[in-house]
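Student: Below is the structure I would like to discuss, written out as structure tokens.
The values are calculated or read from the model by the stated rules, or taken from the named source; none is laboratory data. Please read these numbers as outputs of a predicted model, since none were measured by experiment. In this analysis, Cβ positions are derived from the backbone assuming ideal geometry, glycine residues included, and neighbour counts consider all displayed protein chains. With ligands, DNA and RNA removed, areas are computed over all heavy atoms of the protein, side chains included. Shrake-Rupley method; radii C 1.70, N 1.55, O 1.52, S 1.80 Å.
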Protein chains: 2
Amino acid sequence: MNEPQDKNSTINDVARLSGVSKRTVSRVINKSPKVGKSTRDRIQKIIDDLGYSPNAQARGLASRRSYLLGMIYDNPDALYINDVQRGVLSICREFGYELVVHPCDMTSDSLISDAVNFANRSKLDGVIVLPPVSENNDLAGALGKAGVNYVRLASIALDTAKHVVISNERSAAAAMAEYLVTLGHRRIGYIAGPQGMRSTRERLEGFCDALEIHGCKPDLDMIALGDYSFESGINCTRELLANENPPTAIFASNDEMAVGAINAAKDMGLDVPNDLSIAGFDDSILASRIMPSLTTIRRPVQEMARFATSKLISSIDGREEEAKTPIMLVPSLIERSSTRAIDLT
Amino acid sequence: MNEPQDKNSTINDVARLSGVSKRTVSRVINKSPKVGKSTRDRIQKIIDDLGYSPNAQARGLASRRSYLLGMIYDNPDALYINDVQRGVLSICREFGYELVVHPCDMTSDSLISDAVNFANRSKLDGVIVLPPVSENNDLAGALGKAGVNYVRLASIALDTAKHVVISNERSAAAAMAEYLVTLGHRRIGYIAGPQGMRSTRERLEGFCDALEIHGCKPDLDMIALGDYSFESGINCTRELLANENPPTAIFASNDEMAVGAINAAKDMGLDVPNDLSIAGFDDSILASRIMPSLTTIRRPVQEMARFATSKLISSIDGREEEAKTPIMLVPSLIERSSTRAIDLT
DNA sequence: CTATAAATTGCTAACGGTAGCATTTGTTTT
DNA sequence: AAAACAAATGCTACCGTTAGCAATTTATAG
């Protein structure tokens with residue numbers, strides 16, 4: 001297209017060249033309606049010719065708006081971060097915001113001041129907090145107190161109004177358990193996530209709930225404690241399978257562990273799904289690539305990220321009602337080839 | 001820790017409270033040595049109590065430094081973006097920079113102005129351009145002309161001094177071809193990437209080079225045109241295997257396609273690696289999770305991203321020599337279970 | 001053709017820092 | 001003790017925009 005801007009040129013240059021005051025130039029930059037058509041066109045032309053684009057810092061300084069959003073997260077290797085980021089970015093682009101990504105360490109005790117400083121110092125217009133960091137209520141409180149606009153992604157309703165419920169993981173896990181029961185499985189192994197994480201609890205509870213409802217009391221022997229890692233999936237599967245009364249199906253609470261389970265099962269000479277059904281949770285890229293492809297739960301992560309970002313922007317723009325309207329997207333069960341009905345013959 | 005800052009408090013507040021001029025406070029903030037010990041301590045105390053942290057925008061406006069770096073990339077679903085981002089972030093954190101991520105559309109003809117605007121408008125101190133966008137020399141030229149500090153990640157030496165050679169993909173591909181030949185394979189299928197991308201050409205050339213050197217002239221029938229996608233891996237494999245004289249090994253030029261190849265082979269009743277060896281390129285997360293695990297090429301992506309970022313910061317700080325020193329990290333061949341020596345019995 | 005309202009446009013004080021230059025205070029040197 | 005120099009601190013003009021309020025021009029009404 002036209003020449004990219006000369007790193008120089010300020011609003012003053014535009015004003016001088018077009019023979020108007022900078023106040024007027026400012027108006028056309030900000031699309032104020034109160035500028036004469038001819039003046040506007042003339043100025044716009046000069047802006048284009050010059051390749052002028054307003055200095056975001058000066059602008060932010062004067063208007064208290066940076067058009068910068070922040071994303072706070074831990075666990076950078078989790079595949080879903082990617083999806084969230086993409087969702088956030090798509091809305092950012094739409095509304096003219098840029099995104100500053102800020103990984104952090106959940107276990108650090110400077111987590112809170114780090115997050116608040118990040119938002120404040122960079123003069124972000126708002127921040128999006130991802131799980132599991134989003135589960136930290138103190139952080140949320142500190143952000144609020146510091147006057148930072150924020151929105152949290154979470155797996156369940158949190159206690160403040162400012163959040164987005166990404167999905168009811170509890171019922172999603174219950175749905176998977178129910179699905180396995182429906183396939184005829186009665187002894188179902190479960191591989192849990194790391195202690196202390198909300199999602200770990202939610203998913204496990206959902207699993208247990210469903211089993212109870214269907215009359216197969218969850219057996220403690222059938223619950224293995226993993227940590228969402230591939231290796232823990234392998235170990236837990238071995239453990240479950242070593243049971244004197246082994247499960248006919250294993251529900252791993254995330255895909256990484258489910259893939260570990262598939263590997264472990266194969267190593268032990270078991271055929272998936274004929275000898276053992278395996279289900280995961282996340283619908284990560286792995287789920288569709290592995291053989292057999294993995295039955296899993298898909299959380300609409302990207303969509304939720306988009307909603308969250310929209311809400312954040314609404315809030316920034318002062319449309320609080322809009323920002324507060326709770327949103328819940330439901331996860332869906334994706335049936336693939338790693339599960340099948342138990343052979344009753 | 002101590003109270004997170006009140007969203008208010010400026011340098012003026014600090015100055016007033018400590019009874020000095022803002023000039024002196026500014027000195028303390030910027031660790032200027034020319035401040036009396038006692039004064040410095042007193043001011044620092046007040047800064048801490050207040051939880052004051054300087055406004056990045058005002059600071060940037062006055063000093064022409066934003067401590068913001070940008071990352072420009074296309075292809076947000078490529079798994080390596082993640083790794084790059086993590087590498088970049090680790091250095092950003094170390095030097096006190098924040099990272100603004102900016103996906104773009106390589107095919108758009110506003111790509112260049114978009115990129116330049118991004119860097120200029122946000123007053124970024126520098127940007128890191130990822131492949132394949134980094135292959136666009138016009139973009140690089142425009143950035144330079146606009147006075148934007150930048151560094152490119154690339155698979156081969158590009159024509160300007162400002163870049164980082166991430167790896168010699170050509171020789172890496174050659175190494176893999178050689179490895180397969182060493183295993184006794186003579187008919188080796190190759191699945192290429194999308195037309196027009198530098199990496200596609202580099203890898204293919206490396207492959208052909210190695211074959212020629214080892215006296216097995218590359219056969220056109222043995223080269224299938226993929227596009228780095230899983231599906232294309234499946235299709236190309238079917239195509240290669242349908243050949244009247246099918247290959248005993250397939251080298252897919254990325255992991256996604258290699259995994260597609262494994263799936264296709266299994267569907268056709270072939271055992272990998274006994275009936276067919278398959279190799280990939282990237283060492284993505286898939287490579288270690290798939291069964292059989294994938295022999296592939298690992299590019300030190302994160303390390304390169306770190307180097308690139310360090311160079312960018314060196315350049316920002318005016319240490320041009322340092323910034324210009326070329327760096328090349330070599331990819332390594334990771335031998336896993338998807339390849340094996342041909343059975344010569 | 002005034003008077004008044006409406007539409008345009010201009011003037012200018014912030015916004016919160018940075019950094020050159022000036023000034024004040026403290027130390028040495030002679 | 002005065003001169004000369006160094007260290008510490010202060011004053012202030014920007015940096016590039018925004019936006020309140022004033023001023024000017026144009027349109028509408030009486």
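Student: Just need a number here: residues in the stretch A:253-305 that are of a type in the set (D, E, K, R) and crowded, with 20+ Cβ neighbours inside 10 Å.
Tutor: 6
Student: Among residues belonging to the stretch A:137-154 that are surrounded by 21 or more Cβ atoms within 10 Å (Cβ to Cβ) and under 28 Å from residue A:228 (Cα atoms), point out the one that is farthest from the other protein chains (Cβ to nearest Cβ).
Tutor: The selected residue is A:154.
Student: Check A:62, A:78 and return the single one that is more than 14 Å from DNA strand C (Cβ to nearest atom) and more than 29 Å from residue B:142 (Cα to Cα).
Tutor: It is A:78.
Student: Which ones in the stretch B:291-345 are in a helix (DSSP H, G or I) and in contact with a strand residue (DSSP E or B) (Cβ under 9 Å, 6 or more places away or on another chain)?
Tutor: B:301, B:304, B:305, B:307, B:308, B:309, B:311, B:312, B:313, B:315, B:316, B:323
Student: Can you name the residue in the stretch A:21-30 that is of a type in the set (S, T, N, Q) and free of Cβ contacts under 8 Å to residues at least 12 places away in the same chain and is also nearest to the other protein chains (Cβ to nearest Cβ) among such residues?
Tutor: Here the residue is A:30.
Student: Determine whether residue B:37 is over 23 Å from residue B:95 (Cβ atoms) and more than 10 Å from DNA strand C (Cβ to nearest atom).
Tutor: yes
Student: Another question about this same structure. Any idea which of B:18, B:9, B:66 is open to solvent by less than 20 Å² (accessible area, probe 1.4 Å), within 14 Å of chain A (Cβ to nearest Cβ), within 16 Å of DNA strand D (Cβ to nearest atom) and modelled with pLDDT under 95?
Tutor: B:66
Student: Give the number of residues within the stretch A:85-125 that are open to solvent by less than 40 Å² (accessible area, probe 1.4 Å), aliphatic (A, V, I, L, M) and within 17 Å of the chain's Cα centre (by Cα).
Tutor: Total meeting the criteria: 6.
Student: Answer yes or no: is there a residue in the stretch B:317-326 that is within 14 Å of another protein chain (Cβ to nearest Cβ) and of a type in the set (S, T, N, Q).
Tutor: So far as the stretch B:317-326 goes, no, none of its residues is within 14 Å of another protein chain (Cβ to nearest Cβ) and of a type in the set (S, T, N, Q).
Student: If I filter the stretch A:184-193 for residues that are open to solvent by 50 Å² or more (accessible area, probe 1.4 Å), out of contact with any Gly (no Cβ under 8 Å at 6 or more places or on another chain) and either part of a helix (DSSP H, G or I) or without any contact (Cβ under 8 Å) to a residue 40 or more places away in the chain (or both), do I get at least one hit?
Tutor: No; the residues of the stretch A:184-193 include none that is open to solvent by 50 Å² or more (accessible area, probe 1.4 Å), out of contact with any Gly (no Cβ under 8 Å at 6 or more places or on another chain) and either part of a helix (DSSP H, G or I) or without any contact (Cβ under 8 Å) to a residue 40 or more places away in the chain (or both).
Student: Suppose we filter the stretch A:86-107 for residues that are farther than 18 Å from residue A:314 by Cβ, within 10 Å of chain B (Cβ to nearest Cβ) and without any contact (Cβ under 8 Å) to a residue 24 or more places away in the chain; how many remain?
Tutor: 0
Student: Does residue A:98 qualify as being within 16 Å of DNA strand D (Cβ to nearest atom) and not assigned by TED's automatic domain parsing to the domain that holds residue A:198?
Tutor: Here the answer is yes, as residue A:98 does meet what is asked.
Student: Does any residue of the stretch A:210-220 turn out to be touching a residue at least 60 places away in the same chain (Cβ under 8 Å) and assigned by TED's automatic domain parsing to the domain that holds residue A:294?
Tutor: Taking every residue of the stretch A:210-220 in turn, none turns out to be touching a residue at least 60 places away in the same chain (Cβ under 8 Å) and assigned by TED's automatic domain parsing to the domain that holds residue A:294.
Student: Here is a follow-up. Within the stretch B:31-54, which residues are open to solvent by 90 Å² or more (accessible area, probe 1.4 Å), assigned to a loop (DSSP other than H, G, I, E, B) and either within 14 Å of chain A (Cβ to nearest Cβ) or more than 10 Å from DNA strand D (Cβ to nearest atom) (or both)?
Tutor: Hit for the stretch B:31-54 is B:31, nothing else.
Student: Same structure, new question: Before we move on, is residue B:157 part of a loop (DSSP other than H, G, I, E, B), within 19 Å of the chain's Cα centre (by Cα) and more than 10 Å from every other protein chain (Cβ to nearest Cβ)?
Tutor: Judged against the criteria, residue B:157 is a match.
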